[in-house]
1. Just flag the chymotrypsin sites (Phe, Trp or Tyr not before Pro) in the range 181-218 sitting in loop per DSSP whose Cβ has no more than 16 other Cβ atoms within 10 Å.
2. With a ≥ b ≥ c the root eigenvalues of the C-alpha gyration tensor of the range 15-81, is it rounded (a/c under 1.5), prolate (a/b larger than b/c) or oblate?
3. Roughly how big is the range 11-82's charge dipole about its Cα centre, with Cβ charges of +1 (Lys, Arg) and -1 (Asp, Glu), in debye to the nearest 20?
4. Want the number for SER65 to SER195: 0.36 nm per residue separation, take away the alpha-carbon distance, what's left?
5. Taking the Cα centre of each part, how many Å lie between the range 193-213 and the range 109-156?
6. Quick check on the exposure proxy: order TYR153, TYR75 from fewest to most C-beta atoms within 10 angstrom.
7. How large is the charge dipole for the range 142-195, taken about the Cα centre, if only the Cβ atoms of Lys, Arg (+1) and Asp, Glu (-1) carry charge, to the nearest 20 debye?
8. Could you pull out every residue, at least 5 positions away or on a different chain, whose amide H is within less than 5 Å of the one on VAL232? Hs are placed 1.01 Å off N in the peptide plane, and Pro or chain starts have none.
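Only the coordinates and a few stated rules stand behind these numbers; no lab work does. What you are looking at is a predicted structure, and each value in this text was computed from that prediction instead of being measured. We place every Cβ from the backbone using ideal geometry, glycine too, and count neighbours over all the protein chains shown.
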Amino acid sequence: MAKQPVADHTWDEAILIVLQDAGESLHYAEIANRILGRKLKTSIGATPAASVAATLSLAIGTENSVFQKVGRGMYALRSDLVEPVPTETPPEEIGQDSETGALRAFGMYWTRDSVIWNGKTRLLGRQAINSAPVDFAEQFGIYLLHDRDRVVYVGRAADTLFSRLKAHTSDRLGGRWDRFSWFGLRDVDSTGKLSDPILPWTHAVVIETLEALLIECLEPPQNRKRGDFSAVEFLQVRDPDIDKNSKKQVIAELLKNAGMTD
């Protein structure tokens, strides 16, 4: 029997399906995760969570929308609401739809061996298994160097993340770390490119940023709510040239052993 093709829903359709099945409000990042998990879309780009947020923001601005914003980053179907939610945003929430301050993207426990430090300048990650990869080499923010599960160094990348990490492969820390985590201030746009931060540095933003960093790094069990964490986590993508180079080395060894090369 021929395999049935996966239905490629629009973002609106996919969001509707997820919220109908949930029967409750969900954070836009969680909606994106469920869409990806159920394969409701075959083309998702580099930033599915951002696509969901943009789709919902556009939809609730139209007349008779089936969607309703019920909190920071939280959305539900109007039909599931027991009481109506005000359509106007309270003044104190205007321009503050982030629970993570200036943090826009982050990566946890990326492996040092999955990066080519003396080749192309790139740090690859993706939001989900089947989303397009993003290059974070020119991200800036802060980073942690890990020796297994222990943090051995905290640094800041004011120029580029890649250049700072590369420097640590040959300095006094060169043999003391095998993984790294990073927290970036540059967002990822719909094309998968890094954009400059636009959030003003008010005292509220600074507080939210520090709180988000501590929660993500320390993982306190009582207040670590991933559904409320608006900065997007990216999973590391192993540099494809590593495997290509390994295959070339194997072929070269075989040819040498067969006496076909010097």
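1. Counting only loop positions with at most 16 other Cβ atoms within 10 Å, the chymotrypsin sites (Phe, Trp or Tyr not before Pro) in the range 181-218 are TRP201.
2. Since a/c reaches 1.5 and a/b is larger than b/c, the shape of the range 15-81 is classed as prolate.
3. Details: 7 positive and 7 negative charges, 41 e Å.
It comes to approximately 200 debye.
4. Here the segment from SER65 to SER195 would lengthen by 43.8 nm.
5. Here the two parts' Cα centres lie 20 Å apart.
6. If I rank by nearby Cβ atoms, fewest first, I get TYR153, TYR75.
7. Details: 10 positive and 7 negative charges, 30 e Å.
The calculation lands at about 140 debye.
8. ALA105, PHE106
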